[in-house]
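Working notes, structure below.
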Amino acid sequence: MKILIIGFSLRHLIPYIEIYENKLKEKGIHFDTILWDRYSNKPLESVPRRLGIDYIIHKIGVGSIFKKLLPMYHFRSICKKIIKKNNYTHLIVLTTLPGVFLGEMLSRNFRDRYILDIRDYSYEKYRMYRNYVNKLVDRSAFTAISSKGFFKFLAQNEKIVPVHNITNGDCALANAGELRSKDYIELGFVGAIRYYSENCRLLEILKNHPRYGLVFVGKEISKEIGKESLEKFCFKNDIRNVHFKGEYDNREKPKIYNEIDIIDSLYGSHSLEVTTLLPNRLYDAVLFKKPILASKGTYLADIVNENGLGIAIDLISDDVAAALDQYIETFNPKAFDENCQRFLEQVEYEQSEFYKRLNAFWGDIA
C-alpha cells in the first residue's frame, strides 16, 4: 500500500500537515508528499527522507492573465504524473483547490480512498465550484473541516468531521489573570498580520489611549494595494501606544501571551472568507487563558459569545473603548477559566472523533 499527501504550499505554511505525518510515522507507514513552492522557478525536486519522498513542485514563470492559472495547471499536471508513476492507493488532499484540480482522478481512481482536508474558504462563492467541492466530500473516505462555519457553503454530510488547529497544549497557562485591577491593558495580534483595514481602524480608534495599547507579533504578509505598512501607518499618524515585534517561533507563544491581556482577532465581516473561519487565535485564547476580541457577524463571534470566551464588537458602529471598559469591569477570571475548560473538553471530544475516522482510514491502508 502507498499513500500520498498533497499540499498546496510548502510545509511550514501548512503546519497541520503534521497531524497526518506524525500519525503515519508512529505507525511506520511509508508515505510521500507533494509540496508547492509557488515563489521560485526551478525543476521538480525529489527529496528523500525517512519513510518516503518529498516532491517539491516549483512555480513556472509566466506573465499576463496566465500568471495565476498556468502555474496551477502546471502543479496539476505534475501531480497526476507522480500519482500515476507511483501507483498510490490512498491520498490525503489538503485544501479544496488541489482537490478540484484533481477531481476527475479522485472520483475515478480513489473514490472512498482519499481524505479531503478543508481549512479555509477559497472559490466557494461560485456555485459550480461549491457544488464540485460537495461532490468531492461525498466521494471521500471522510472530509475534515476546521470550522463548522464552513457549512455556509458545504452541504451537511455524514462524511464531514470537525478537526481543530490546536497546538501548544503542553504550554498552556493555568489561570486567567485579573483585568479589573490593571491600569493598562495590552491588546495583542499574534500571527501572520493581515486585515489591514480593520487593524488601521482599531489603531485609529484607540490612538494614544491612556488605558489601551496594541502589540503586533508576526510578519505582515499583506496590505491593501497602495497602502503603507501598519508600522508606517502608525508613524505617519503619530500613534504611539503600539509596538511591533516581528516574526516569532511557536515555542515563544507562552511568553508572548503572558505579556498580552486581550487577543485581537478582528478581521471584519465583509466576506465568507472571514465570516466562516475559526483562527488559531481562538485556541490560543483558551489555552493561554486570554479573552479574545472578535468581529460581530462572524462565526468566531458566535463561538466567543456562546462559550463566554471574550467580546464581539463592530468597529464601525460600536464605541470600542466603552465596550472594552464594560467587559473588563465585569470580567471574572474564575468563570472565564471554567468557560475555557468546557470549550477545551468539547474540542477534545471532536478531536477524538476525527482520530477515530483517521484510524479507520489507516486500517484500510494496513
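Worth pointing out:
- Residue check: TYR267 meets all listed conditions (1) under 24 Å from ASN199 (Cα atoms); (2) without any contact (Cβ under 8 Å) to a residue 24 or more places away in the chain; (3) of a type outside the set (A, V, I, L, M) but one, namely (2).
- Filtered residues of the stretch 300-327 (kept if in contact with a Ser or Thr (Cβ under 8 Å, 6 or more places away or on another chain) and of a type in the set (Asp, Glu)): ASP314
- The lone criterion from (1) in contact (Cβ under 8 Å) with a residue 24 or more places away in the chain; (2) among the acidic types (Asp, Glu); (3) closer than 18 Å to CYS79 by Cα left unmet by ASP112 is number (3).
- Selection count where residues are over 20 Å from VAL163 (Cβ atoms) and touching a Pro at 6+ places or on another chain (Cβ under 9 Å), scope the stretch 262-291: 5
- Sole exception among (1) more than 23 Å from LEU24 (Cβ to Cβ); (2) touching a helix residue (DSSP H, G or I) at 6+ places or on another chain (Cβ under 8 Å) for PRO71, by number: (2)
- Restricting attention to the stretch 240-267 and to residues that are in contact with a strand residue (DSSP E or B) (Cβ under 8 Å, 6 or more places away or on another chain) and assigned to a helix (DSSP H, G or I), the residue that is nearest to LEU324 (Cα to Cα) turns out to be TYR257.
- Scanning the stretch 179-201 finds one or more residues that are modelled with pLDDT under 90, in contact with a strand residue (DSSP E or B) (Cβ under 6 Å, 6 or more places away or on another chain) and either crowded, with 18+ Cβ neighbours inside 10 Å or not in a loop (DSSP other than H, G, I, E, B) (or both).
- Residue within the stretch 103-114 that is under 21 Å from ILE29 (Cα atoms) and surrounded by 21 or more Cβ atoms within 10 Å (Cβ to Cβ) present: yes
- Pairs are defined by a Cβ separation below 9 Å, a sequence spacing of at least 6 or placement on different chains, a first member in the stretch 338-353 that is part of a helix (DSSP H, G or I), and a second member that is among the charged types (D, E, K, R); the pairs so defined are CYS340/LYS289.
- Test: residue in the stretch 248-258 that is among the hydrophobic types (A, V, I, L, M, F, W, C), touching a Gly at 6+ places or on another chain (Cβ under 9 Å) and either without any contact (Cβ under 8 Å) to a residue 60 or more places away in the chain or surrounded by 22 or more Cβ atoms within 10 Å (Cβ to Cβ) (or both): no
Quick grid of which residues meet (1) more than 24 Å from the chain's Cα centre (by Cα); (2) closer than 18 Å to ARG139 by Cβ; (3) of a type in the set (Ser, Thr, Tyr):
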{"site": "LYS68", "(1), (2), (3)": "no, no, no"}
{"site": "VAL93", "(1), (2), (3)": "no, yes, no"}
{"site": "PRO98", "(1), (2), (3)": "no, yes, no"}
{"site": "LEU102", "(1), (2), (3)": "no, yes, no"}
{"site": "LEU106", "(1), (2), (3)": "yes, yes, no"}
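- The C-beta contact set for the stretch 193-214 (first residue polar (S, T, N, Q), second residue modelled with pLDDT of 90 or more, distance under 6 angstrom, 6+ apart or interchain) comprises ASN199/LEU230; ASN208/ARG240; ASN208/ASN241.
- Test for GLU228: is it on the phi < 0 side of the Ramachandran plot and assigned to a loop (DSSP other than H, G, I, E, B): yes
The values are calculated or read from the model by the stated rules, or taken from the named source; none is laboratory data. Because the structure is a prediction, the values reported are computed rather than measured. As a convention, Cβ positions derive from the backbone with ideal geometry for all residues, glycine included, and neighbour counts pool all protein chains shown.
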